[in-house]
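**Student:** Have a look at this one before I ask anything.
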2 protein chains.
Amino acid sequence: MQKSIIKLNSAIISAGSVVGKKEHEGPLGSLFDMHDEEDRFGQKTWERAEAEMQRLAANIALSKCDMNEKNIDAMFAGDLINQCTSSAYGLLEYEVPFFGLYGACSTAVEGLILASVMTSYGVYERCLSATSSHNCSAERQFRTPLEYGAQRAPTAQWTVTGAGAFIVENADSENASGKAKIIEAMPGISIEKGIRDAGNMGAAMAPAALNTLMRYFGESGKKPNDFDLIVTGDLGYEGNSILCELLRAEGIDPADKINDCGMMIFSRDTQDTHAGGSGCGCSATVLAAYLLPKLERGEIKDMLIMGTGALMSPDSIKQGLGIPGIAHLIRIKGAES
Amino acid sequence: MQKSIIKLNSAIISAGSVVGKKEHEGPLGSLFDMHDEEDRFGQKTWERAEAEMQRLAANIALSKCDMNEKNIDAMFAGDLINQCTSSAYGLLEYEVPFFGLYGACSTAVEGLILASVMTSYGVYERCLSATSSHNCSAERQFRTPLEYGAQRAPTAQWTVTGAGAFIVENADSENASGKAKIIEAMPGISIEKGIRDAGNMGAAMAPAALNTLMRYFGESGKKPNDFDLIVTGDLGYEGNSILCELLRAEGIDPADKINDCGMMIFSRDTQDTHAGGSGCGCSATVLAAYLLPKLERGEIKDMLIMGTGALMSPDSIKQGLGIPGIAHLIRIKGAES
């Protein structure tokens, strides 16, 4: 490879987050912009509910910065459902150029990388990046319909019902003042280490997270202690412990810097999700509702966030293939105080 | 929207195409780099065969310009299968940053737009864009397994078994001399006009193609006669006739400039595919094997190619939703003679 770290100069000027009942009951519950006690968002099917969440998150992000679809040059969006229909239908009403993405749970950061490139390099003035996941649509998509009452393994993660949307502009724009800045990106390489268990995605994704982090540390010369926080999209408890172990084996001390959105969004004591949260909506909503405000308040000055995705499908699992993992990284700087 | 047409300055320095038996028997058959009489490519499942096609197409594109994965900064890839696994598995062996895309049959052009942006604006030196589709994996993915012998409607298109890969660099690079140049892009807007029939994707995609073309003509001031060719990704015979009718209704004479990759790849006389070819592999292989050489020989001096996609899923069809269409456009200039 000729280049790895992409230098960026963009800002997240607005964000919207929409979640379900369980997420609202979690430790970050009060921070999300909107939730629905029934997880249905007024729709007849879980797939429609997920699409509606994405539409709502985009609407909220736009309204927060007093904008509408006419102010957006392009949208980057994806989700976990067959052929990314949550994004295709959720954002259908917006008459804005649409780039469909698929990176499993890494899609939120994949979208932010592309939106940030477009605005940093002057291709576009303003982009929207949106992702979603819904527990009920994802479970019947990847595993079994919830109605079957299948037993979940201790390593299984709980797909977050949530959608997050971000409005991205060039960091030199007026709207960027006081906002968090995306200054670097390290796109992920697919890594497959033989994990075949769709109930243990953390183990499948951890090696990809290690690969991206090691490439980033190697090229930048940085260490975990150089950052206030290094947060993975959703490795969950299982994947997070594997990542920390792998880092130590590489001679890198994760210190207390490494955390995971899937560990933040649910309470391990009062909400049994086994290995924690997952899904495109996990990192998107935690970043939008919890981390971004901290960055804007200057409580976080410099952080890395890695969207981690497990690139399997129901068919690839049935056909006995290993699960490739991928981890896209961006470096976000807080607002200068 | 602030901007629509993206100015680009990139070149397709190499391309690879891999197809199945039926495509090899078609009018363009002798032009494709590789084919397999069994459509299996040595694999046990159709999904694995599709992934292998994508790997082979990328290998061929790289070998044609005497390069390997180390020369590639990033890959943009997608396909039609659940969670884009043909790309995830097909390109897994390459240790190169991977951006997963989903645009149904528009993915080939979506990938070329992003690869072209990355190289035109100096983000990356060299990118690979790859897409694939396989008749046997797509039919059981979207409709019914071929073994069921379901009756196809006259408006149904035949998913092309094929994969195409493109290596993209900045147009000012040494390798770009004598190659086709991507000079503009007009990303597509999702349009849904109420077509609910997965057996008539041409009708679902034609309004999106019209939308992109009208926006392009409006902003550029160009007309069909300003180009040697305006080719759609795969509207097929049905969608093509609808697009031409819609253009005339808008006062635009398509003249004899408008053609379609799905109409080019199969012979209507000797190969009954009903409404023509479709699938990510259709526009990718026709561009790679047939149109690019014409551009490099200067036989085509200025053309528009629109990847047209139907953004439905098996579930969205079962749930009775309309099919959103999308059409991504790029303008390609032939090598100066």
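The values are calculated or read from the model by the stated rules, or taken from the named source; none is laboratory data. It should be emphasised that the depicted structure is a prediction, and the values quoted were computed from it without experimental measurement. Here Cβ is always computed from backbone atoms with ideal geometry, including for glycine, and neighbour counts include all displayed protein chains. Areas reflect the complete protein model, heavy atoms only, side chains present, ligands, DNA and RNA absent. Shrake-Rupley method; radii C 1.70, N 1.55, O 1.52, S 1.80 Å.
**Student:** Suppose the filter is surrounded by fewer than 24 Cβ atoms within 10 Å (Cβ to Cβ), closer than 21 Å to A:Asn200 by Cα and among the hydrophobic types (A, V, I, L, M, F, W, C); does A:Ile323 pass it?
**Tutor:** Numbers: surrounded by fewer than 24 Cβ atoms within 10 Å (Cβ to Cβ): no; closer than 21 Å to A:Asn200 by Cα: yes; among the hydrophobic types (A, V, I, L, M, F, W, C): yes.
Criteria not met by A:Ile323.
**Student:** So B:Tyr216 passes all but one of these: (1) part of a strand (DSSP E or B); (2) open to solvent by less than 20 Å² (accessible area, probe 1.4 Å). Which condition number does it fail?
**Tutor:** With (1) part of a strand (DSSP E or B); (2) open to solvent by less than 20 Å² (accessible area, probe 1.4 Å) applied to B:Tyr216, the lone miss is (1).
**Student:** Of the conditions (1) farther than 29 Å from A:Pro97 by Cβ; (2) under 22 Å from the mean Cα position of the chain (by Cα); (3) away from chain B (no Cβ under 12 Å), A:Ser129 fails just one. Which one is it?
**Tutor:** It is condition (1) that A:Ser129 fails.
**Student:** Go through the range A:243-337 and tell me which strands (runs of 3 or more DSSP E), entirely inside it, have 3 or more residues that are modelled with pLDDT of 95 or more and within 19 Å of A:Thr161 (Cα to Cα).
**Tutor:** Working: elements: A:258-260, A:302-310, A:325-333.
The qualifying strands (runs of 3 or more DSSP E) are A:302-310.
Residue-wise test of (1) under 17 Å from B:Glu23 (Cβ atoms); (2) touching a Gly at 6+ places or on another chain (Cβ under 9 Å); (3) of a type in the set (A, V, I, L, M); (4) more than 9 Å from chain A (Cβ to nearest Cβ).
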residue: B:Gly90; (1), (2), (3), (4): no, no, no, yes
residue: B:Glu95; (1), (2), (3), (4): no, no, no, no
residue: B:Gly111; (1), (2), (3), (4): no, yes, no, yes
residue: B:Ala138; (1), (2), (3), (4): yes, yes, yes, yes
residue: B:Ala165; (1), (2), (3), (4): yes, yes, yes, yes
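**Student:** Also: Give the residue, chosen from B:Gly281, B:Gly309, B:Gly334, that is open to solvent by less than 10 Å² (accessible area, probe 1.4 Å), away from every other protein chain (no Cβ under 14 Å), closer than 22 Å to B:Ala206 by Cα and in contact (Cβ under 8 Å) with a residue 12 or more places away in the chain. Lay out the reasoning, then the answer.
**Tutor:** Numbers: B:Gly309 fails: away from every other protein chain (no Cβ under 14 Å); B:Gly334 fails: closer than 22 Å to B:Ala206 by Cα.
Criteria check complete, one pass: B:Gly281.
**Student:** So if I check each of B:Val123, B:Val109, which one is surrounded by 24 or more Cβ atoms within 10 Å (Cβ to Cβ) and over 27 Å from A:Lys193 (Cβ atoms)? Quick ask: steps written out before the conclusion?
**Tutor:** Numbers: B:Val123 fails: surrounded by 24 or more Cβ atoms within 10 Å (Cβ to Cβ).
One residue alone meets the criteria, B:Val109.
**Student:** Within the set of pairs 6 or more residues apart or between chains, which connect a residue that is farther than 21 Å from A:Arg143 by Cα inside the range B:76-103 to a residue that is of a type in the set (Lys, Arg) with Cβ atoms less than 8 Å apart?
**Tutor:** Cβ pairs passing all conditions: B:Gly90/B:Arg55; B:Leu91/B:Arg55; B:Glu93/B:Arg55.
**Student:** Only one of (1) away from chain A (no Cβ under 14 Å); (2) out of contact with any Cys (no Cβ under 6 Å at 6 or more places or on another chain); (3) in contact (Cβ under 8 Å) with a residue 40 or more places away in the chain is not met by B:Ser241, so which one is it?
**Tutor:** For B:Ser241, the failing item is (3).
**Student:** Within the range A:58-79, take every residue that is open to solvent by less than 10 Å² (accessible area, probe 1.4 Å) and part of a loop (DSSP other than H, G, I, E, B) and give me the one that is nearest to the other protein chains (Cβ to nearest Cβ).
**Tutor:** The residue in question is A:Asp73.
**Student:** Which condition breaks for A:Lys44 when tested against (1) in a strand (DSSP E or B); (2) open to solvent by 30 Å² or more (accessible area, probe 1.4 Å)?
**Tutor:** A:Lys44 satisfies all of (1) in a strand (DSSP E or B); (2) open to solvent by 30 Å² or more (accessible area, probe 1.4 Å) except (1).
**Student:** Let me ask something else about it. Please tell me if B:Asn211 is among the polar types (S, T, N, Q), in contact with a helix residue (DSSP H, G or I) (Cβ under 9 Å, 6 or more places away or on another chain) and under 23 Å from A:Leu92 (Cα atoms). Can you show your working first?
**Tutor:** Working: among the polar types (S, T, N, Q): yes; in contact with a helix residue (DSSP H, G or I) (Cβ under 9 Å, 6 or more places away or on another chain): no; under 23 Å from A:Leu92 (Cα atoms): yes.
The answer is no for B:Asn211.
**Student:** Additional query: Which of (1) in contact with a helix residue (DSSP H, G or I) (Cβ under 6 Å, 6 or more places away or on another chain); (2) away from chain B (no Cβ under 14 Å); (3) surrounded by 24 or more Cβ atoms within 10 Å (Cβ to Cβ) is the odd one out, the single condition A:Ile300 does not satisfy?
**Tutor:** So the condition that A:Ile300 fails would be (3).
**Student:** Still on this structure, please answer the following. Go over the candidates A:Leu229, A:Leu235 one by one and state the one that is closer than 19 Å to A:Leu291 by Cα, surrounded by 15 or more Cβ atoms within 10 Å (Cβ to Cβ), in contact with a Gly (Cβ under 8 Å, 6 or more places away or on another chain) and not charged (D, E, K, R).
**Tutor:** On the way: A:Leu229 fails: in contact with a Gly (Cβ under 8 Å, 6 or more places away or on another chain).
Going through A:Leu229, A:Leu235 in turn, the sole match is A:Leu235.
**Student:** Just to be sure, is A:Thr144 open to solvent by less than 10 Å² (accessible area, probe 1.4 Å) and among the hydroxyl-bearing types (Ser, Thr, Tyr)? Can you show your working first?
**Tutor:** Numbers: open to solvent by less than 10 Å² (accessible area, probe 1.4 Å): no; among the hydroxyl-bearing types (Ser, Thr, Tyr): yes.
No.
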